[in-house]
Amino acid sequence: MKNIDAVFLKQLKETFKNKTILIQFLMMPILAVVMENTITLDDMPEHFFVKMFSVMFVGMAPLTCMSAIISEEKEKNTLRALMMSNVKPFEYLIGVGLYVWLMCMAGAAVFAVCGSYEGMDFCVFMLIMSVGILLSSLIGAVIGVFSKNQMAATSVTVPVMMVFSFLPMLSMFNESIEKIAGVTYSQQMSILINGLGTTEIKPESIIIISANFLTAIVLFAVAFKKKGLE
């Protein structure tokens with residue numbers, strides 16, 4: 001626990017130094033608050049911007065942050081120094097993952113407040129966001145572990161991030177895209193969040209999200225076995 005706490009506190013202290021990471025945590029919640037309170041269109045669904053940006057936030061922020069942190073520290077040999085200081089790989093990954101998850105959950109709380117979710121709806125919204133953030137963090141860790149350096153990680157992260165963050169938005173305007181996006185966890189999150197308080201949770205969404213989760217775990221196991229944190 002001491003090593004995990006040390007890694008967590010290290011990342012927390014570097015939050016304001018690393019502008020790329022800080023922007024990822026702040027951009028979508030701020031956009032949601034601003035647009036939710038300044039833009040009103042005819043026939044626009046209630047809390048449209050909160051629902052849209054919260055899904056984009058899950059598909060973008062944790063994934064980008066995890067891959068950037070791991071790949072950057074690999075490139076700068078910070079990880080080598082940590083390993084030599086008896087910090088085990090799983091301790092490092094838990095520390096970084098916990099940091100990203102908690103920072104993103106703080107952003108999720110902003111979305112929940114801005115969307116006026118209360119009581120059970122608030123709890124369910126935060127649960128959906130927490131699962132999505134964990135899954136995106138795991139995918140980001142896969143990219144970070146597998147990449148040799150930060151540039152290589154970015155070249156993979158950007159297209160993957162765009163798929164998970166923008167597909168749910170595009171699926172609102174195109175039925176063909178909606179069918180394709182249906183196999184992704186971010187699209188199922190969008191369905192769950194949009195139906196919050198009005199429709200029951202469909203087993204199909206739980207199955208697809210679980211399948212995505214298992215796939216991410218397998219990919220992480222393969223990447224870690226092949227590359228490790230060297």
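A short reminder: the numbers here are calculations on the coordinates, not readings from a lab. What you see is a predicted model; the values in this text were computed from it and never measured. So basically every Cβ, Gly included, is an ideal-geometry build from the backbone, and we count neighbours across all protein chains shown.
Okay, here's what the table says:
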| quantity | calculated |
| --- | --- |
| Student exercise, the chain dipole from Lys, Arg, Asp, Glu Cβ charges, in Debye to nearest 20 | 1300 debye |
| Estimated dipole of the range 62-171 in Debye, rounded to 20 [Cβ of Lys and Arg +1, of Asp and Glu -1, Cα centre] | 420 debye |
| Loop-located chymotrypsin sites (Phe, Trp or Tyr not before Pro) in the range 183-226, at most 12 other Cβ atoms within 10 Å (DSSP) | none |
| Sparse-neighbourhood loop sites, trypsin sites (Lys or Arg not before Pro) in the range 141-230 - DSSP loop, at most 13 other Cβ within 10 angstrom | 148 |
| Amide N of the range 103-130 lying under 11 Å from the label point, which is placed 7 angstrom from the Cα of residue 15 along Cα→Cβ | 103-107 |
| Check: the range 106-227 dipole with +1 on Lys, Arg Cβ and -1 on Asp, Glu Cβ, in debye | 760 debye |
| Sequence-separation-based contact order of the chain, relative, with Cα cut under 8 Å and 6+ spacing, percent | 27 percent |
| Listed residue (40, 66, 77) projecting farthest to the positive dipole end of the range 25-84, Cβ model | 77 |
| Cross-link reach list, aspartates and glutamates versus residue 227, counting only Cα pairs under 14 Å and skipping chain neighbours closer than eight places | 75 |
| The range 51-109-the range 118-183 distance, computed between alpha-carbon centres (Å) | 15 Å |
| With Cα atoms, 0 to 90° folded angle of helix 203-227 axis to the chain main axis | 20 degrees |
| Straight-distance crosslink candidates among lysines, where the alpha carbon sits under 16 Å from residue 76 and sequence neighbours closer than 8 are dropped | 10, 17, 148 |
